[in-house]
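**Q** Have a look at this one.
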Amino acid sequence: MALTAKSWNSWLSQALTYSDDQSADQSAFALPTLNADPAAEVALVRPNLTSQDAERLVNQRLDALNEQSMTVQIVMPGEMSLMPGDILFVNSGNSIADGNYIVRSIRRQFSTTAGFIQYIQGSAMTANSSVSLGDRILPSG
């Protein structure tokens with residue numbers, strides 16, 4: 001799937017197209033072919049974007065899509081060192097879900113039947129994820 005920002009600059013009478021794989025200034029929009037896969041491109045159309053604005057829009061949407069596509073909910077034994085904003089490495093044995101996740105929320109619970117457990121919600125780290133130097137990577141196991 002390609003994510004593309006398209007804009008018409010009325011002041012310059014030019015069309016601008018920026019895709020997540022490349023950018024190009026064009027004098028007219030390319031028309032899709034009849035055999036093209038309709039799910040192959042998602043276009044974000046906004047008026048009067050600069051090339052920097054179009055790039056920023058595409059990158060923001062890609063980050064949002066990536067974050068939504070890889071969200072995990074984990075139930076594990078409770079411990080007090082994990083906090084929102086920390087990085088948690090998940091090694092589940094399923095290569096699709098393995099990787100680093102930014103902890104978004106934690107809910108801890110103590111009961112006489114289940115003991116001390118915590119519920120963690122996390123988002124997969126993307127290439128543009130902001131991580132501060134204070135973030136910790138907890139050992140798996």
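The values are calculated or read from the model by the stated rules, or taken from the named source; none is laboratory data. Note that the structure is a prediction, hence the values are computed from the model and not measured. Positions of Cβ are generated from backbone atoms using ideal geometry, with glycine treated the same way; all protein chains shown enter the neighbour counts.
**Q** For the range 106-141, enumerate the residues that are under 16 Å from residue 63 (Cα atoms) and modelled with pLDDT of 75 or more.
**A** Across the range 106-141, the qualifying residues are 122, 123, 124, 125.
**Q** If I ask for residues that are β-branched (Val, Ile, Thr) and modelled with pLDDT under 85, which ones from the range 37-49 would you list?
**A** Listed by number, the list holds a single entry, 42.
**Q** Condition first: over 20 Å from the mean Cα position of the chain (by Cα) and under 29 Å from residue 9 (Cβ atoms). Now tell me which residues in the range 48-100 satisfy that.
**A** Across the range 48-100, the qualifying residues are 48, 49, 50, 51.
**Q** Out of all the residues in the range 19-36, is one or more at pLDDT 80 or above and polar (S, T, N, Q)?
**A** Scanning the range 19-36, I find at least one residue that is at pLDDT 80 or above and polar (S, T, N, Q), so the answer is yes.
**Q** Looking only at the range 59-105, count every residue that is over 17 Å from residue 125 (Cβ atoms) and at pLDDT 90 or above and tell me the total.
**A** 7
**Q** Residue 7 versus (1) under 30 Å from residue 123 (Cα atoms); (2) in contact with a helix residue (DSSP H, G or I) (Cβ under 7 Å, 6 or more places away or on another chain); (3) modelled with pLDDT of 85 or more; (4) of a type outside the set (D, E, K, R): which is the lone unmet condition?
**A** Looking at each condition in turn, residue 7 falls short on (1).
**Q** Sticking with this structure for a sec: Is it the case, given these coordinates, that residue 74 is touching a Leu at 6+ places or on another chain (Cβ under 9 Å) and either surrounded by 12 or more Cβ atoms within 10 Å (Cβ to Cβ) or not in a strand (DSSP E or B) (or both)?
**A** yes
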